[in-house]
1. Is one or more of the residues making up region 352-361 buried (at least 22 other Cβ atoms within 10 Å of the Cβ), under 20 Å from the mean Cα position of the chain (by Cα), modelled with pLDDT of 80 or more and in a helix (DSSP H, G or I)?
2. Look through Ser205, Ser238, Ser257 and report the one residue that is farther than 19 Å from Arg133 by Cβ and at pLDDT 70 or above.
3. Residue by residue through region 68-97, note down the ones that are under 28 Å from Gly173 (Cα atoms), touching a Ser or Thr at 6+ places or on another chain (Cβ under 7 Å) and surrounded by fewer than 24 Cβ atoms within 10 Å (Cβ to Cβ).
4. Here are some residues: Val65, Val38. Which one is crowded, with 22+ Cβ neighbours inside 10 Å, modelled with pLDDT under 95 and either closer than 27 Å to Leu192 by Cα or touching a Phe, Trp or Tyr at 6+ places or on another chain (Cβ under 6 Å) (or both)?
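The values are calculated or read from the model by the stated rules, or taken from the named source; none is laboratory data. What you see is a predicted model, and the numbers here were worked out from it, not measured in a lab. Neighbour counts run over all protein chains shown; Cβ positions are idealised from the backbone, glycine included.
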Amino acid sequence: MLIVANGVSTAARAMIFLAVPWHVLQTTGSPVRAGLAVAAELAGMAASSLLCAPILPRWGYRATVAGSGLVAAASIAAIPLWNLTFWPLLLAVLVHGIARAPEQTAMTVIAPDLPGPADVEPDQAGRIDEYVRSGALAVGSVLAGVLIEAYQAPTTMMVGAVAIAAAAVLVGGIVRHDPVELPVPVPYSLGLRSSLVMPVAGPGSSVLAIAAGAGLAVETAALNGVVLPVYAHDVLHSPLALGLIAGLFAAGIVVGSALHEFVHPVQSPRFALLLVFVNVSRLCVLALRPGLPVILVWTSVAGAAVGPTMETPTIVRYAQVSPPFRALLDGGTRGKLFAAAPVGAVLAGLAVVGIGLTATLWVIAGLMFVLITIPALAV
């Protein structure tokens, strides 16, 4: 049931992540302000990930998921309920980002310790969780496009807020007890220092971690948060197109990952480079503006190319780490990886205005090729 709640929350956040920049574009017509809105959420999430991780054991993970989820839901619901103008909206999405981080970290701490079916191995459970997340991203993105098309972005944000609140309440009902803690809580200052100096979770060196963080700034913040909404708004003139592009890419990831596990192709630098090229080529297709059908087909193919590069599931990586240190590791990892993401969102908005949408797509394509190639060749 926790996987279901996590899937509902992930789908809702995908809806909100698309609805907020679309709403800003509709009401202000400014890509720069859309970038600022995305940056505010990601900045709140990055800072909160680092600052809140050391005190989650004191709050209790179950209470954190429920409380943070309700705060995140209320902050987004305030936008349509009070018809917030841009600057109050910016504050609302900042609060949403701040509340989002502790909820996600607490879910990460709780998940490995929950009992599952006896015949399911931890690695299988982790893969199922990752598939549910990617599938929820696909469903949430498409649903966002449908709702924005039919009822506008404010209604979509309200639906997403209700779903986040429902997921938070569901987790509160599922999890009866927090994971076993240390006899003496880690002092906040020591926990914060530990979170800052801990290596980023996952295989690889600090160079790969830097590349991963820069890649998130370019792909998640700049491309998905700003450039794709502007492209759907100004070129395709359709929020449904935005939802389909984001949704089919996420669905392609699920299909590609499943095929990779079934076929087990031989890993080689050439194969890795081929996958990188297919992924980045979707931006080139967007820049050429061939029309929505071609874009959707190639976006699905690009998502399938990303699937084989999915890392070891978070549940599996953290299963052997004790809960308080699991929180420090996850909070530090998320905070450091997303540290540059707000800058990416702001620069993307400025680039669209300064050099144009097409040129921005080509620049992002080049940056993504370099940043994804580094870890792909190092595996």
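1. Residues of region 352-361 buried (at least 22 other Cβ atoms within 10 Å of the Cβ): 352, 360-361.
If we keep only those that are under 20 Å from the mean Cα position of the chain (by Cα) too, we end up with none.
No, that holds for no residue.
2. Values: Ser205 fails: at pLDDT 70 or above; Ser257 fails: farther than 19 Å from Arg133 by Cβ.
None of the others qualify; the one that does is Ser238.
3. Ala92, Val95
4. Details: Val38 fails: modelled with pLDDT under 95.
Residue meeting the stated conditions: Val65.
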